[in-house]
Amino acid sequence: MEETLTYEMAYAELAAIAKEIENETISVDVLATKVKRASELITFCQAKLKSTESEVNKIISQMENPAS
């Protein structure tokens, strides 16, 4: 992925691709490329969400069980 890609940027790009496909404004010539990019963005977003969930759970666990 891009070095500065954020969840918000990936989500916005994914939404734009979905809108193009839904509105049928996407050329057949680039459809496969857009679908491949959408797949990459979905994978990125899922990984980011999982990582964030894990980090939040760790923080909550530390708050509930502070070291004595």
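Given springs between every Cα pair under 10 Å in a Gaussian network model of the chain, which of Ala12, Ala32, Ala47 has the largest fluctuation?
Ala32
Rounded to the nearest 20 Debye, what is the dipole magnitude of the chain about its Cα centre when Lys and Arg each give +1 and Asp and Glu each give -1 at the C-beta? Intermediate values should be presented prior to the final figure.
Working: 7 positive and 12 negative charges, 37 e Å.
For the chain, the charge dipole is close to 180 debye.
Toward the positive end of the charge dipole of the chain, about the Cα centre and with charges on Cβ (Lys, Arg +1; Asp, Glu -1), which of Ser61, Met9, Cys45 goes farthest?
Farthest along the dipole direction, towards plus: Ser61.
Between Leu49 and Thr33, what is the spin-label point distance in nm, taking each point 7 Å from the Cα along the Cα→C-beta axis?
2.8 nm
Sort largest first and round to whole Å: the equivalent ellipsoid semi-axes of the chain, each the square root of five times a Cα gyration tensor eigenvalue. Let's see the in-between values first.
Values: eigenvalues 269, 21, 14 Å².
They are 37, 10, 8 Å, listed from largest to smallest.
Between Tyr7 and Ile42, what is the label-to-label distance in nm when each label sits 7 Å out along the Cα-to-Cβ direction?
1.9 nm
With angles folded into 0 to 90 degrees, how steeply does helix 7-22 sit against the dominant principal axis of the chain? Use alpha carbons for both and round to 10.
30 degrees
Which order do Met9, Met63 take when ranked by solvent-accessible area (1.4 Å probe, heavy atoms of all protein chains), largest first? Mind dumping the intermediate values first?
Details: Met9 90, Met63 140 Å².
Output order, biggest surface exposure first: Met63, Met9.
Would you work out what percent of the accessible area of the chain, with all protein chains in place, is carbon or sulfur (probe 1.4 Å)? The partial results should precede the final answer.
On the way: 3140 of 5590 Å².
It is 56 percent, rounded to a whole number.
For the chain, what is the accessible area per residue in Å² when the probe is 1.4 Å? Show your work: numbers first, answer last.
Working: 5590 Å² over 68 residues.
About 82 Å² of surface per residue is accessible.
Using a 1.4 Å probe on the protein heavy atoms only, what accessible surface does Ile42 show? Give it in Å² to the nearest 10.
80 Å²
The values are calculated or read from the model by the stated rules, or taken from the named source; none is laboratory data. No experiment lies behind these values; they were computed from the predicted model shown. Every residue, glycine among them, receives a Cβ derived from its backbone with ideal geometry; neighbour counts consider all protein chains shown. All accessible areas refer to the heavy atoms of the entire protein, side chains included, with ligands and DNA or RNA removed. Shrake-Rupley method; radii C 1.70, N 1.55, O 1.52, S 1.80 Å.
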